[in-house]
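K.L.:
Before I ask anything, let me first share the structure, which is written out below as structure tokens.
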DNA sequence: GCCAGAATAGTACGACCGGTCGTATCATGG
DNA sequence: CCATGATACGACCGGTCGTACTATTCTGGC
């Protein structure tokens, strides 16, 4: 791996940090250059435009999420165990982590890009639609495995599951609510309980 | 009411529109002045600083939310009826509305301000904590009225309720999911069903 | 119908924005 | 060991930002 590629990755890593707190628009070349001790122009030489940088940041965040949350779940037997692993990793992901001090970048930019048409929005929206589809497939797997009721609506389940993670980040980051994770786990257990077959 | 006050309100109204799409940081004096056909300096004379403008915008949004969502619910008999009215108005509020084309401003700025310490963040966080407390009181009212189980955790109920509204806005605005409202209603009914006393 | 004061516009400022340019330094293959 | 491309630098571009000061226009009470 050449030196240039290495530097580029260092830039993107730092850019992800910055964007997780300041957003993709709040991310500026000047602040980023200062943050890694480079000149603005030297840094910019690694990208064709600012949007190119933003896209790289977004792709890096999506990829990291896939590795951190999706892959451990996909490696777990389907049905409830897989969903539990998914939830645990997702919850851990959304905690404060040094490489993303502003919380999950993908949540941060979701509200930022939703009114800003363009390739960035398209990229994020497609990634999130794919992710939702993954959740739906996982939920359906719970039905197939016999862990969940046959009448379960997998799309609704996925909707409710993502809702929990969304509000958890909100409660933790804005409200500073120490009960956020506790509520998240309780809500997840309630979601699973409602999905279980009726035990009569 | 003097002409100045009137103009100030016109400015803030337009600023709420702009901020609902571009965020409080994306809101700039230049764009705002163009948007209402005033000079930047003439507009600025109505505020001590940009932060003063932002605070006014935030306060206006909070007040509008209170009138649109809280008051109809507070005017309804407590317990399940009140919560249903609350949910209906909240869902309607989060739809596209001309005075807030970018969706609920308070959700938009929640992720924007959560990493940006200062009076704006404090104002928003306190308003949202107050709102959560209102939800908790309403949920507790459901228990008192006998509509909900005595063991219901009101804080968890409020957490789950707000989660539904949060993900609904997300699905509608970013994913363009036409099922968002349908899922929202279904999730709300499931939340109520789980809160009801056991009918054995 | 004038005049005080409010309301708006004009002008200028320093800082920072994304981006370009020419140049210097570095790494490396021949 | 030198030539050459990769990498990074500082200076600078036109524009926009928030904000300050000044000048103009509008408006309502006498």
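Read the figures in this text as sums done on the coordinates, not as results from a lab. Treat the numbers as computed from the prediction; the structure is a model and nothing was measured. Glycine also receives a Cβ, built like all others from the backbone with ideal geometry; neighbour counts cover every protein chain displayed.
K.L.:
Roughly how tilted is helix A:154-173, in degrees to the nearest 10 and between 0 and 90, from the longest Cα axis of chain A?
P.N.:
Between helix and principal axis, roughly 50 degrees.
K.L.:
Let me ask you something else. If you build the convex hull over the alpha carbons only and average its shadow over all orientations, what do you get for region A:30-93? Give it in nm² to one decimal.
P.N.:
Working: hull surface 22.5 nm².
Mean projected area for region A:30-93: 5.6 nm², to one decimal.
K.L.:
Right, something else. At 222 nm, what helix-only mean residue ellipticity would chain A give, in deg cm²/dmol to the nearest 500, using -39500 (n - 2.57) for each DSSP H run of four or more?
P.N.:
On the way: 10 runs with 141 residues, N = 200.
Roughly -23000 deg cm²/dmol at 222 nm, from the helical runs in chain A.
K.L.:
Also, I was wondering about something else. Taking 8 Å as the Cα distance limit and 6 or more residues as the minimum spacing, I'd like the relative contact order of region A:38-145 as a percentage. Write out the running numbers ahead of the final one.
P.N.:
Details: 60 pairs, mean separation 32.3, N = 108.
Relative contact order comes out at 30 percent.
K.L.:
Could you please state, rounded to a whole Å, how far the C-alpha centre of region A:158-198 is from the C-alpha centre of region B:124-174?
P.N.:
12
K.L.:
Once the label point is set 7 Å along the Cα-to-beta-carbon vector, what list of distances in nm do you get between residue B:35 and its counterparts in the other copies?
P.N.:
Label-point separations across copies, in nm and ascending: 2.7.
K.L.:
Given Cα pairs under 8 Å that are at least 6 residues apart, what percent is the relative contact order of chain B?
P.N.:
Numbers: 184 pairs, mean separation 40.8, N = 200.
Relative contact order for chain B comes out at 20 percent.
K.L.:
Going by the alpha-carbon gyration tensor, a ≥ b ≥ c the square roots of its eigenvalues, is the protein assembly as shown rounded (a/c under 1.5) or, if a/c is not under 1.5, prolate (a/b greater than b/c) versus oblate?
P.N.:
Working: a/c = 2.21, a/b = 1.15, b/c = 1.93.
Here the protein assembly as shown falls in the oblate category.
K.L.:
While we're looking at this one, here's another question. Which percent of Cα-Cα pairs in region B:21-132 sits in each 10 Å bin, short to long?
P.N.:
Each 10 Å bin holds this share of Cα pairs: 12, 39, 32, 13, 3, 0.
K.L.:
Same structure, new question: So for region B:108-160, averaging the separation of alpha carbon pairs under 8 Å that are six or more residues apart and normalising by length, what relative contact order in percent results?
P.N.:
Values: 20 pairs, mean separation 15.2, N = 53.
Averaging sequence separation for qualifying contacts and normalising by length gives 29 percent for region B:108-160.
K.L.:
Return the FRET efficiency for the residue pair residue B:71, residue A:3: r is the Cβ-Cβ distance, R0 is 60 Å, and the value is rounded to the nearest 0.05.
P.N.:
Details: r = 63 Å, r/R0 = 1.04.
According to the calculation, E is roughly 0.45.
K.L.:
What gaps in nm, shortest first, separate residue A:145 from its twins in the other copies when you place the label 7 Å past Cα toward the beta carbon?
P.N.:
Between copies, matching label points for residue A:145 lie 4.0 nm apart.
K.L.:
Follow-up. Helix A:80-93 sits at what angle to the longest principal axis of chain A, using alpha carbons and giving 0 to 90 degrees rounded to 10?
P.N.:
With rounding to tens, the tilt is 30 degrees.
K.L.:
Which distances, shortest first and in nm, link residue B:196 to the matching position in the other copies, using label points set 7 Å out along Cα to C-beta?
P.N.:
Nearest to farthest, the other copies are at 2.0 nm.
K.L.:
Sticking with this one: Can you classify region A:67-130 as rounded, prolate or oblate using the Cα gyration tensor, where a ≥ b ≥ c are the square roots of its eigenvalues, rounded means a/c under 1.5, and otherwise it's prolate if a/b beats b/c and oblate if not?
P.N.:
Details: a/c = 3.07, a/b = 1.62, b/c = 1.90.
It is oblate, given that a/c is not under 1.5 and a/b is not larger than b/c.
K.L.:
Ok, one more. Mind running the shape call on chain B? Use the C-alpha gyration tensor, a ≥ b ≥ c as the square roots of the eigenvalues: rounded below 1.5 for a/c, prolate if a/b tops b/c, oblate otherwise.
P.N.:
Numbers: a/c = 2.47, a/b = 2.12, b/c = 1.16.
Prolate is the answer for chain B, as a/c is 1.5 or above and a/b outweighs b/c.
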